[in-house]
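Reading through the structure tokens given below for one structure.
The values are calculated or read from the model by the stated rules, or taken from the named source; none is laboratory data. This is a predicted model, so every value here is computed, not measured. Note: ideal-geometry Cβ built from the backbone for every residue, glycine included; neighbour counts use all protein chains shown.
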């Protein structure tokens, strides 16, 4: 009898241990797949976002005037990107990727405008660092860093610049540079972040509606049967 009970206990422990090991293995595999997907998605987003900078570098390296038609293309890209966010029910990853690309295009547009005003003496900046052999692209890349700093400074709740100890790459002075900085901040706050909040709220409502629609017919029938039974109990029969 004791031997039989001991054998039963051993079998139960072995069975529970095998379930536990399989569960841990499945969890590790699932977590690894999520981690791999996350790393792949991050690299994909960074790779896609480098295209506007690459095109801007190519045009500015040839002649700064070539940046004008490219900037017009960037403006249309921002416009159509915002319109797609308003009209379509995009997935969370696609929406975040679209917002990131729209912000980068906006930075590129204001960087080119700042370069043009700086070149003709209507805006004044100090603190340029040579980061490329081509002077036009080097100056424009400094403006990209400057407006990236402005973007993080617009979001005071995160305090990214303060946390990283990142000071403004350029020091602006004069009316023209001030107007461009205010225009960039107004575009980010009043347009881009507003559209992001609207898309995020719409995404949450769409997810709630989708989860309600996914309820099985059996569960809806069960709920309806339960309501009818409670009505009979309290004497409130439906007409």
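Does the range 89-109 contain at least one residue that is outside any helix (DSSP H, G or I) and surrounded by 12 or more Cβ atoms within 10 Å (Cβ to Cβ)?
Going through the range 89-109, the residues outside any helix (DSSP H, G or I) turn out to be 89-91.
From the residues that got through so far, the ones that are surrounded by 12 or more Cβ atoms within 10 Å (Cβ to Cβ) too are 89-90.
Within the range 89-109 (the criterion being outside any helix (DSSP H, G or I) and surrounded by 12 or more Cβ atoms within 10 Å (Cβ to Cβ)), the answer is yes, since at least one residue qualifies.
Starting from residues that are under 20 Å from the mean Cα position of the chain (by Cα) and surrounded by fewer than 15 Cβ atoms within 10 Å (Cβ to Cβ), keep the ones in the range 165-199 and report whichever is nearest to residue 110 (Cα to Cα). Before the answer, list the steps.
Looking only at the range 165-199, we keep the residues that are under 20 Å from the mean Cα position of the chain (by Cα), and these are 184-199.
From what is left, the residues that are surrounded by fewer than 15 Cβ atoms within 10 Å (Cβ to Cβ) are 186, 189-191, 194, 197-198.
Working: 186: 12, 189: 15, 190: 16, 191: 15, 194: 19, 197: 23, 198: 24 Å.
The residue in question is 186.
Of everything in the range 120-147 that's part of a helix (DSSP H, G or I) and at pLDDT 90 or above, which residue is farthest from residue 184 (Cα to Cα)?
So the residue we want is 142.
Under 9 Å by Cβ, and 6 or more places apart or on different chains, what pairs join a residue from the range 155-176 that is more than 14 Å from residue 124 (Cα to Cα) with one that is assigned to a loop (DSSP other than H, G, I, E, B) and at pLDDT 85 or above?
160/166; 161/167; 161/168; 168/127
Residue by residue, here is whether (1) over 22 Å from residue 97 (Cβ atoms); (2) at pLDDT 80 or above; (3) touching a helix residue (DSSP H, G or I) at 6+ places or on another chain (Cβ under 9 Å); (4) surrounded by 10 or more Cβ atoms within 10 Å (Cβ to Cβ) holds:
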| residue | (1), (2), (3), (4) |
| --- | --- |
| 26 | yes, no, no, yes |
| 31 | yes, no, no, yes |
| 35 | no, no, no, yes |
| 41 | no, no, yes, yes |
| 44 | no, no, yes, yes |
| 49 | no, no, yes, yes |
| 68 | yes, yes, yes, yes |
| 75 | no, yes, yes, yes |
| 79 | no, yes, no, yes |
